[in-house]
Amino acid sequence: MSDVPCFIGIDVAKAQLDIAIRPSGERWAVPNDPSGVTPLVDQLQARHPTLIVLEATGGLERLVASALATAGLPVVVVNPRQVRDFARATGQLAKTDALDARALAHFADVIRPTPRPLPDAQTQELRALLGRRQPLIIMRTAEQNRLAGTSERLTQDITAHIAWLNVRIATLDDDLETLLRASPLWRANDDLLQRAPGIGPVCARTFLLELPELGTLTRQQIAALVGVAPLNCDSGTLRGRRSIWGGRAHVRTVLYMGTLVATRFNPRIKAFYERLLAAGKLKKVALTACMHKFLTILNAMLKHRTPWQAQEVQN
């Protein structure tokens, strides 16, 4: 029986962890705190699992994922949507913590996602700061939009709130800058990316923290990962319009803004954009193609440690 592969699914909630093992069918729950995680790691080590799969749950999974990885166990944190779609495809429509744990174990057995190293403490802290910055930017934009047509009393209140948000955002930017510049590798990659016209500090740091695969994959793989690879929609003799979807939405949004700037101030991207428009492409289609090209160039720059240059950088 020791030669039988063992696949484990762990459903993470704020209060507890539900564990399911396949193919034995065992299931139990433990508290999602050190008192529950520490003995759980010992229990799972004794079973010599082939793979352990958890869902990303906004940070609630960090304690158990870190403990499992530190113990040398093969753990993968996956997108919840993937597992839910998989469960529906297998006919599991009901949703409870116990069923979710079983679905995760089944997902591990059938799909077998590749384990990846978990981010270190510094990366996690940088990601947390960047994640905190995003809602503050959204809030500031919403408040600025509310200024038009409001009463004088509300204008004063909104203006004060915007000022407070500006201070908090500036503080976060300073913290990000300090932590990132403290690491020679982070600093070198940040400087390399910002040499490309159109890539500013926020864009570069988003790529470094939320797209660590940049510079390690092929241009096809990195485009698919971000969600800027054109996907077919064909059936029989029908040839549908190619479209992009999926991928890492926030990274794609930041890439869009950087590319938008690049179509004006980056000679290489600007020439490519104007050539597509001259060929009759819609602006949105042309901009998407520029996003794909820009990402490919950035990927090659980090892969080959090559600064921005006018000529093509081969992948």
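The values are calculated or read from the model by the stated rules, or taken from the named source; none is laboratory data. Quick caveat: nothing in here was measured; it's all calculated off a predicted structure. Cβ: placed from backbone, ideal geometry, glycine included. Neighbour counts: every protein chain shown. We work out accessible area using only protein heavy atoms, side chains counted, and drop any ligands, DNA or RNA first. Shrake-Rupley method; radii C 1.70, N 1.55, O 1.52, S 1.80 Å.
Things worth noting here:
- Considered as a group, the residues in the range 40-53 that are touching a strand residue (DSSP E or B) at 6+ places or on another chain (Cβ under 9 Å) and either among the β-branched types (V, I, T) or open to solvent by 60 Å² or more (accessible area, probe 1.4 Å) (or both) include one that is farthest from I19 (Cα to Cα), and that residue is T50.
- Within the range 129-146, being open to solvent by less than 60 Å² (accessible area, probe 1.4 Å), of a type in the set (A, V, I, L, M, F, W, C) and touching a residue at least 12 places away in the same chain (Cβ under 8 Å) holds for L129, L130, L136, I137.
- Any hit, the range 252-268, residues being over 27 Å from the mean Cα position of the chain (by Cα) and among the aromatic types (F, W, Y): yes
- Selection status of A56, open to solvent by 10 Å² or more (accessible area, probe 1.4 Å), modelled with pLDDT under 95, among the hydrophobic types (A, V, I, L, M, F, W, C) and under 18 Å from Q82 (Cα atoms): yes
- For beta carbons closer than 6 Å, sequence separation of 6+ or different chains, a first residue in the range 100-122 that is in contact (Cβ under 8 Å) with a residue 40 or more places away in the chain and surrounded by fewer than 16 Cβ atoms within 10 Å (Cβ to Cβ) and a second that is outside any helix (DSSP H, G or I) and among the aromatic types (F, W, Y), there are no qualifying pairs.
- Some residue of the range 197-211 being closer than 17 Å to Q134 by Cβ, at pLDDT 90 or above, open to solvent by 70 Å² or more (accessible area, probe 1.4 Å) and of a type outside the set (D, E): no
- Taken over the range 17-47, residues that are over 22 Å from D109 (Cα atoms) and free of Cβ contacts under 8 Å to residues at least 24 places away in the same chain amount to 5.
- L192 vs. criteria surrounded by 14 or more Cβ atoms within 10 Å (Cβ to Cβ) and touching a Pro at 6+ places or on another chain (Cβ under 7 Å): yes
- Within the range 45-59, being among the charged types (D, E, K, R) and within 14 Å of the chain's Cα centre (by Cα) holds for one residue alone: E55.
- Residue check for D85: open to solvent by 50 Å² or more (accessible area, probe 1.4 Å), of a type in the set (D, E) and either under 21 Å from the mean Cα position of the chain (by Cα) or at pLDDT below 95 (or both): yes
- Any hit, the range 60-70, residues being touching a residue at least 60 places away in the same chain (Cβ under 8 Å), open to solvent by 10 Å² or more (accessible area, probe 1.4 Å) and under 27 Å from the mean Cα position of the chain (by Cα): yes
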